[in-house]
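Trainee: This structure is in structure tokens; I'll ask about it shortly.
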Amino acid sequence: MRIAGIVRDSVVDGVGVRDVIFVQGCSHHCQGCHNPTTWNPCGGEERSIYSILAELKDSENNITISGGEPLEQMEDLVNLVTNISLHTDK
């Protein structure tokens, strides 16, 4: 999965304190976008689903998936969300 990064302990990306996975790549290019650095689908870094889960495994925070546009990596997104729900109580 190509991601722009992970932010821990965010208080602005959902209710409560959350960990945020920022997905890389977005073809919408919305005017006023808060994350235009995530538009380039070749930017960021390629990470395995399991390395992302390992980074977040000790966190008690809920998770937000933001972008870029997460749905442009649908297969990886489904794999990530399925594994989050299987391996955590989030």
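The values are calculated or read from the model by the stated rules, or taken from the named source; none is laboratory data. Just so you know, these numbers come straight off a predicted model, no measurement behind them. Cβ atoms come from the backbone with ideal geometry, glycine included; neighbour counts cover every protein chain shown. What goes into the accessible areas is simple: the full protein's heavy atoms, side chains included, and nothing from ligands, DNA or RNA. Shrake-Rupley method; radii C 1.70, N 1.55, O 1.52, S 1.80 Å.
Trainee: Give the residue that is nearest to the chain's Cα centre (by Cα), with candidates limited to residues of the stretch 1-30 that are among the charged types (D, E, K, R) and over 14 Å from M74 (Cα atoms). First the steps, then the outcome.
Mentor: In the first step, residues of the stretch 1-30 are kept if they are among the charged types (D, E, K, R); the result is 2, 8-9, 13, 18-19.
Imposing the further condition that a residue be over 14 Å from M74 (Cα atoms) reduces the set to 8-9, 13, 18-19.
Values: R8: 11, D9: 14, D13: 11, R18: 11, D19: 9 Å.
Looking at the filtered set, the residue picked out is D19.
Trainee: Restricting the search to the stretch 1-30, which residues are out of contact with any strand residue (DSSP E or B) (no Cβ under 8 Å at 6 or more places or on another chain) and either under 17 Å from V81 (Cα atoms) or among the small types (G, A, S) (or both)?
Mentor: S27
Trainee: Condition first: open to solvent by 60 Å² or more (accessible area, probe 1.4 Å) and among the basic types (K, R). Now tell me which residues in the stretch 3-46 satisfy that.
Mentor: Within the stretch 3-46, just R8 meets the criteria.
Trainee: Which condition number does Y50 fail, the rest of (1) among the aromatic types (F, W, Y); (2) open to solvent by 40 Å² or more (accessible area, probe 1.4 Å); (3) not in a helix (DSSP H, G or I) being met?
Mentor: Every condition holds for Y50 apart from (3).
Trainee: Looking only at residues in the stretch 78-90 that are assigned to a helix (DSSP H, G or I) and under 19 Å from S10 (Cβ atoms), which one is least open to solvent (accessible area, probe 1.4 Å)?
Mentor: Residues of the stretch 78-90 that are assigned to a helix (DSSP H, G or I), as a first pass: 78-87.
From what's left, under 19 Å from S10 (Cβ atoms): 80-81, 84.
Details: L80: 0, V81: 72, I84: 17 Å².
It comes out as L80.
Trainee: Let me ask you something else. Quick one: which residue in E69, E55, E75 is in contact (Cβ under 8 Å) with a residue 24 or more places away in the chain and either open to solvent by 50 Å² or more (accessible area, probe 1.4 Å) or of a type in the set (F, W, Y) (or both)?
Mentor: E55
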